[in-house]
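Asks: Following this message is one structure expressed as structure tokens.
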């Protein structure tokens with residue numbers, strides 16, 4: 001389990017919420033109003049903190065550290081917000097090292113850390129992995145993504161624009177129609193590779209498969225690639241979207257911000273629809289990669 005968290009005022013006053021898609025199996029079993037003791041490691045220190053299921057409609061999990069014994073952790077998190085020392089908003093990555101033991105790693109806005117985006121753990125359907133790794137077009141996608149900086153305040157719009165510019169520089173075609181008589185268009189195409197970059201709502205991504213199937217019937221088609229943010233990156237973008245919406249509508253009683261499609265959802269649901277998707281596709285994630293942290297190197301493509 002891992003997720004990103006943008007440090008703000010609520011981090012110090014209310015705790016750190018764990019996105020639902022990032023909760024491990026044992027965490028999902030924590031009932032409403034229940035709490036368990038966990039260990040939080042930071043720098044060369046560690047403290048015991050509560051992981052509590054909030055007793056509300058959504059039932060979020062939250063790390064709580066409001067007692068006196070947690071002062072060291074609050075001081076540490078507070079120091080990361082020092083604007084006189086750090087140039088940007090600080091983003092931390094929280095990683096479950098082992099069950100109930102979590103580590104905090106500042107990855108952006110802290111010292112000289114400059115994390116990048118990365119392509120994460122492609123899953124092939126009716127497509128040979130060796131053929132994928134040797135594909136010039138797929139390597140171009142990996143190169144474009146890995147050259148994009150992770151910027152704490154950038155939304156999916158900025159990342160989409162960076163991907164768009166990067167692929168166009170490599171002669172990919174954008175907004176390509178899958179058939180002359182219908183309006184469905186795929187985000188990008190090159191040499192029979194059809195690419196959908198899906199930062200959209202989780203309820204509408206099945207249309208991406210429809211585009212691939214139509215393109216395979218009426219266009220030159222070698223493979224369809226579905227590129228989605230990981231649950232960690234997606235949850236971060238959703239939280240940023242809610243924050244930005246609240247800032248624009250600070251007098252509104254309630255702000256709604258829809259959930260985002262994730263790599264984990266796509267790979268989890270693939271076995272249930274693979275009898276429908278009879279063409280070659282690849283599902284890959286877009287993740288945040290901090291070069292100072294040497295974890296999951298085999299899953300991160302560079």
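Read the figures in this text as sums done on the coordinates, not as results from a lab. These numbers come from a predicted model, not from an experiment. Note: ideal-geometry Cβ built from the backbone for every residue, glycine included; neighbour counts use all protein chains shown.
Asks: Can you tell me, using C-alpha contacts under 8 Å and at least 6 residues apart, the relative contact order of the chain as a whole percent?
Replies: Over the chain, the number comes to 19 percent.
Asks: Specify which labelled value, from (1) 1.07; (2) 1.16; (3) 0.97, agrees with Cα Rg over 2.2 N^0.38 Å derived from the coordinates of the model shown.
Replies: (1)
Asks: Using a Gaussian network model on the chain with a 10 Å cutoff between Cα atoms, which of 207, 23, 156 fluctuates the most?
Replies: Taking springs between Cα atoms under 10 Å, the residue moving most is 207.
Asks: Indicate the gyration tensor shape class of segment 128-262 (rounded, prolate or oblate), computed on the Cα atoms with a ≥ b ≥ c the square roots of the eigenvalues: a/c under 1.5 is rounded; otherwise a/b larger than b/c is prolate and the rest oblate.
Replies: Here segment 128-262 falls in the prolate category.
Asks: With each label point set 7 Å from Cα along the Cα-Cβ vector, what nm distance links residue 10 and residue 275?
Replies: The answer from the label model is 4.2 nm.
Asks: Related question: May I ask you to derive the FRET efficiency for residue 34 and residue 204 from their Cβ-Cβ distance with R0 = 25 Å, giving the value to the nearest 0.05?
Replies: The pair residue 34/residue 204 has a calculated efficiency of 0.10.
Asks: A further question follows. Please give the length that would be gained between residue 74 and residue 157 if that part of the chain were fully extended, namely 0.36 nm times their separation in residues minus their C-alpha to C-alpha distance (nm, one decimal).
Replies: Result: 26.6 nm gained on full extension.
Asks: So if each residue of separation counts as 0.36 nm, and I subtract the Cα-Cα distance between residue 134 and residue 101, what length gain in nm does that give?
Replies: 8.0 nm
Asks: Would you kindly state how much longer the chain becomes between residue 50 and residue 171 on full extension, computed as 0.36 nm times their sequence separation minus their alpha carbon distance, in nm to one decimal?
Replies: Taking residue 50 through residue 171 to full extension adds about 38.4 nm, to one decimal.
Asks: Could you state the number of Å between the C-alpha centres of segment 158-174 and segment 187-254?
Replies: 15
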